[in-house]
Amino acid sequence: RQIDLISPSILSADFARLGEEVDNVLRSGADIVHFDVMDNHYVPNLTIGPLVCEALRKHGVTADIDVHLMVKPVDRIIPDFANAGASYITFHPESSEHVDRTLQLIKSHGCKAGLVFNPATSLDVLDYVMDKVDMILLMSVNPGFGGQSFIPGTLDKLRQARKRIDDSGLDIRLEIDGGVKIDNIAEIKAAGADTFVAGSAIFGAADKTDPNHYDTVCRQL
Ligand code: DX5
Ligand code: ZN
C-alpha cells in the first residue's frame, strides 16, 4: 500500500491568485495538486486547460500535478496536458470511445494514467485494463462542482477497489474525490483510499485570510 497523499483541488482556490494559492497549500503540507478540467459538455461547468497547467509549472510548481479530465472527447487534449507538465492524467471511461487506447496514449506521453469512476459507474472495466492504470479515482460526488456532500455508498466501493488493487499486487494509487472533510477522512482512509482530494475543505473555509489557515487544515486532514 502506498503512502497517503493530500491532493488539494484548486477548483475552490482563488483563481486570481492561483500561483500564490498553490504555493501556500504545498508549503502547508499538501503533497500534489489536483487540477479539475471541465468542458461544459461532459460536465455542466467550465474550468481550466493546459495553459493554466503550464503557467503553474512556469511559476515554479515542482509537485506532481494530478489532472482530472472531465471532457469529451478526451484524447485530443491529452498531448497538450502532457506538454504542459501534467504528472497524472485521469479520465472517465464514459468520455473515451476506446478506454485501452486512451490509457496507452497517456502513458506514451510519459504521464501516469488513471481511470475515474462516477458514483453510478461499475468498476468492471478494470477487469481488462488493471495492468495499464497507475491510479484509480473514485468520485464520491457527481462530477462538475466543488462543495457537494460525500455519497456514503462510496465507502463500500472503496473497499472493493482496495481489494482489486491488493489482489492484483500492482502499484496503483486509490484516490477519492468529492466531499472529503476533516470529519470524514478517517473513515475514507479506513475504507482503503491512499490519495485524498479536498477542495472546499481546504480552500473554501471562512478564515481563508488567516495566513496559517491552510497549514491548520492540512495538518488535520
Ligand atoms: C468535482 C471535482 C472535485 C471537486 C471536489 O467534479 O472533481 O475535485 O473540486 O471539491 P470538494 O472537495 O469541495 O468536494
Ligand atoms: Zn476532481
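The values are calculated or read from the model by the stated rules, or taken from the named source; none is laboratory data. Just so we're clear, the structure is a prediction, and the values are computed from it rather than from any experiment. Using ideal geometry, Cβ is built from the backbone for each residue, glycine included, and neighbour counts are taken over all protein chains shown.
Tell me the helices (runs of 4 or more DSSP H) entirely within region 1-115 that contain at least 2 residues that are closer than 26 Å to D210 by Cβ.
Details: elements: 18-27, 50-59, 78-83, 99-108.
Output list reads 18-27, 50-59.
Anything in region 147-167 that is surrounded by fewer than 15 Cβ atoms within 10 Å (Cβ to Cβ), away from ligand 2 (no atom under 14 Å from the Cβ) and more than 13 Å from I136 (Cα to Cα)? List them, or say none.
Within region 147-167, S149, P152, G153, D156, D167 meet the criteria.
Given the conditions (1) surrounded by 21 or more Cβ atoms within 10 Å (Cβ to Cβ); (2) within 14 Å of ligand 2 (Cβ to nearest atom), report the number of the one that A30 does not fulfil.
Result: A30 passes all but (2).
For region 69-103, which residues satisfy the criterion of being farther than 27 Å from R159 by Cα and among the polar types (S, T, N, Q)?
Matches in region 69-103: N83 only.
Select from region 136-146 the residues that are surrounded by fewer than 23 Cβ atoms within 10 Å (Cβ to Cβ), in contact (Cβ under 8 Å) with a residue 40 or more places away in the chain and in contact with a strand residue (DSSP E or B) (Cβ under 8 Å, 6 or more places away or on another chain) and list them in ascending order.
P143, G144, G146
Can you tell me which residue within region 162-221, out of those that are more than 18 Å from the chain's Cα centre (by Cα), acidic (D, E) and outside any loop (DSSP other than H, G, I, E, B), is farthest from M130 (Cα to Cα)?
Taking the candidates together, the pick is D215.
Run down L56, L103 and say which single residue is over 26 Å from F150 (Cβ atoms), in contact with a Lys or Arg (Cβ under 9 Å, 6 or more places away or on another chain), surrounded by 21 or more Cβ atoms within 10 Å (Cβ to Cβ) and at pLDDT 95 or above. Spell out the reasoning first.
Values: L56 fails: in contact with a Lys or Arg (Cβ under 9 Å, 6 or more places away or on another chain).
L103 is the lone residue from the list that is over 26 Å from F150 (Cβ atoms), in contact with a Lys or Arg (Cβ under 9 Å, 6 or more places away or on another chain), surrounded by 21 or more Cβ atoms within 10 Å (Cβ to Cβ) and at pLDDT 95 or above.
Taking the criterion of being more than 13 Å from ligand 1 (Cβ to nearest atom), among the polar types (S, T, N, Q) and more than 27 Å from D14 (Cβ to Cβ), would at least one residue in region 210-219 satisfy it? Before you say what the answer is, go through the steps one by one.
Going through region 210-219, the residues more than 13 Å from ligand 1 (Cβ to nearest atom) turn out to be 210-216, 218-219.
Narrowing the set further to residues that are among the polar types (S, T, N, Q) leaves 212, 216.
If we keep only those that are more than 27 Å from D14 (Cβ to Cβ) as well, we get none.
No, region 210-219 contains no residue that is more than 13 Å from ligand 1 (Cβ to nearest atom), among the polar types (S, T, N, Q) and more than 27 Å from D14 (Cβ to Cβ).
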